[in-house]
Amino acid sequence: SGSSDPYCVVKVDNEVVARTATVWKSLNPFWGEEYTLLLPRGFHSLTVYVLDEDTIGQDDVIGKVSLSHQQISAEPWGEWGARRGGGQRDPPWPHGVPTLSPSAGVESWLSLAPVNPDQEVQGEIHVELRVPERGHPRVLRCHLIQARDLAPRDPSGTSDPFARVSCCGHTLETAVIKKTRFPHWDEVLELELPEGELGEAVLSVEVWDWDIVGKNDFLGRVEFPLDTLCPGPTRGWFQLLPFPSTTKDHGGQLGALRLAVRLVEDTVLPAHHYQPLIQLLTEPILCPGQPPEGTALAVLEEVTSGESRQDVATKLVKISLGQGLAVPLLDYLTTRELARTTDPNTLFRSNSLASKSMEQFLKVVGLPYLHEVLKPVVNRIFEKKYVELDPGKMELDPGKMELGRGRRISFKGSLSEAQVRESSLELLKGYLGDIVDAIVGSVDRCPLPMRVAFKQLRRQVEERFPLAQHEDIRYFSISGFLFLRFFAPAVLTPKLFRLREQHAEPRTGRTLLLLAK
């Protein structure tokens, strides 16, 4: 058809850690997916493979982008973040309260490199390196001991591996070990280093498969910046890595992938180190009688905005849940919000710290409940997309109706605008009725913390706006959170709430948008 059904697979070293949704029938896919991964400190590379999903047979590999740990760490995150003119969003922290940590990252269009299954690397190499502090001449001693689990390159399912070391313009090689993926060299190669400072000199250790005819096959490599090697011996098993991708054009045939990769190397201390901070944050909650101005929470609310306020709200909710103070935290924040509000019609409409905290609280506490209520209906909408959601049928906007393209054509000709609207309304009402019935019928399953939080919210709103003309505000304040910030977003984008594994295709997406509205 001249198109593809692309998706991405993310690998850290040789382990698959994430897969995006498939974007059907597109050569210019947009995923917009974000992953937060907890990585070992010693990880070597991150590789993103772009594949074309096939209904029959094996999926086709379109290309890949490979970034080494060094490449990701080379540029501070703030530099490119400032250039793109936007704030950054921290990943949610799974343990405790994070210390301030340096972060680095890459955001760029990177050309896809071709992927040859025979050239994908695997395995590890066992080496011992020794760099003398002084002496003349200074000699870098490389003891290449063995390798294991190398990629098979020969038809026999083995390889003929040898190792090559390069540094400061000098190159040496080991002997070739025939027909094995587990070679044992036990050779010492010595490279003479230049006098003076070594600067950014790097030792490259590469493993190759020797071929008697044609060029040798690459099996992987490891790089060691000399300034990171300690004066004593450096010994261990090191994972073999592929050659990293560059921004160079690979003939322009495979396309490019835009990535934003942020690496934060964080240190989490034992819990008792954070007690003074936790005490500072919870003091106004535990002692509500004190003047709110000047408290840590009041200051946080003043100095945060936009995405940073969402991050602060996420962390405050996690801390308060850990301390058993989630509902008191929400009480404190909503009381401050109510005191500032003069027009009840604007209550909780802004992205204040109170609104964001309640929103994050619902996501943390209510996600299993959300799944129980919405998942059956959402699955039914997705499964019936090819039966009921014909172009021209599921639409209320006359400007978007495709009146001549419906599959179900009457004997009198194409459906009229009024018929399309009536048919769409009937279908939407059916789905919407199922959703409302599921929500109304779930009262007994609604998590107790959510019910307590809403009960407190209703009481506070009644006290702030007691007049009869504001009687409905007590309900609007709750429905604003429960529907506008909880149920409706989940209907609109089920994948972001883990209700579905993939994003909706366009027709189903339009139905979900109409239902959410």
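The values are calculated or read from the model by the stated rules, or taken from the named source; none is laboratory data. Bear in mind the structure is a predicted one, so any value in this text is a computation, not a measurement. Cβ placement follows ideal geometry from the backbone for every residue including glycine, while neighbour counts extend to all protein chains displayed. Accessible surface is based on the protein model in full, side chains and every heavy atom, while ligands, DNA and RNA are left aside. Shrake-Rupley method; radii C 1.70, N 1.55, O 1.52, S 1.80 Å.
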Mean Cα-pair separation over length for the chain, i.e. relative contact order, pairs under 8 Å, 6 or more apart, %:
12
Run the numbers for Arg451 and Ser156: contour at 0.36 nm per residue of separation, minus the present Cα-Cα distance, in nm.
99.6 nm
Amide H contacts under 5 Å for Gly123, restricted to residues at least 5 apart in sequence or on another chain and with H modeled in the peptide plane, are Leu240
Environment charge of Ala298, counting only residues whose C-beta is closer than 14 Å and scoring Lys/Arg +1, Asp/Glu -1
-2
Before I look further, what does the chain give for accessible area per residue, probe 1.4 Å, in whole square angstrom?
55
List the residues whose amide H sits under 5 Å from the amide H of Thr158, counting only those 5 or more places along or on another chain, with H placed 1.01 Å from N in the peptide plane.
Arg153
Starting from the residue with the highest accessible area, list Ile62, Ile473 in decreasing order, probe 1.4 Å.
Ile62, Ile473
Rounding to the nearest 20 debye, state how big the charge dipole of the range 121-239 is about its Cα centre with +1 on each Lys and Arg Cβ and -1 on each Asp and Glu Cβ.
300
Positive end of the charge dipole of the chain (Lys, Arg +1 and Asp, Glu -1 on Cβ, about the Cα centre): tell me which of Ile473, Thr22, Phe348 has its Cα farthest that way.
Ile473
Length released on extending from Arg458 to Asp434, taking residue separation times 0.36 nm less the Cα-Cα span:
5.9 nm
Ignoring everything but the protein chains, give the 1.4 Å probe accessible area of Cys8 in square angstrom, nearest 10.
10
Using a simple spin-label model with points 7 Å from Cα along the Cα→Cβ vector, what separation in nm is obtained for Thr234 and Thr36?
3.2
Summed over the other residues with a beta carbon less than 15 angstrom from that of Leu27, with K and R at +1 and D and E at -1, the charge totals -2
Tell me the carbon and sulfur percent of the accessible area for the chain, rounded to whole percent, probe radius 1.4 Å.
54
When a/c is below 1.5 the answer is rounded, else prolate if a/b is larger than b/c, else oblate, so apply that to the chain with a ≥ b ≥ c taken from the square roots of the Cα gyration tensor eigenvalues.
oblate
With an 8 Å Cα cut-off and a minimum separation of 6 or more residues, compute the relative contact order for the range 454-517 in percent.
25
In the chain, with Lys and Arg counted as +1 and Asp and Glu as -1 at Cβ, which of these residues, Thr180, Ser166, Ser424, has the Cα nearest the positive end of the dipole, that is, farthest along it?
Ser424
Net charge dipole size for the chain [Lys, Arg +1 and Asp, Glu -1 on Cβ; Debye, nearest 20]
1880
Under 10 Å, Cβ to Cβ, from Lys64 - net charge with Lys/Arg +1 and Asp/Glu -1
0
Counting other C-beta atoms within 10 Å, and keeping those with at most 11, which DSSP coil GluC sites (Glu not before Pro) do you find in the range 173-215?
Glu195, Glu197, Glu200
For a quick check of your reading of the filter: which trypsin sites (Lys or Arg not before Pro) in the range 347-381 sit in a DSSP loop and have no more than 16 other Cβ atoms within 10 Å?
Arg349
If amide hydrogens are placed 1.01 Å from N in the peptide plane, which non-local residues have theirs closer than 5 Å to the one on Val139?
Leu193
I'd like the Karplus ³J(HN,Hα) series for the range 147-157: coefficients 6.51, -1.76, 1.60, θ = phi - 60°, whole numbers in Hz, and an x wherever there's a Gly or Pro.
9, 9, 6, 6, 5, x, 10, 9, x, 6, x
So between Cys168 and Leu269, what do we pick up on full extension, going 0.36 nm a residue minus the alpha carbon distance?
32.3 nm
Residue-wise, which Karplus ³J(HN,Hα) couplings in Hz belong to the range 442-459, taking 6.51 cos²θ - 1.76 cosθ + 1.60, θ = phi - 60°, and x for glycine or proline?
9, 3, 5, 9, 5, x, 4, x, 5, 5, 5, 4, 6, 4, 5, 4, 4, 4
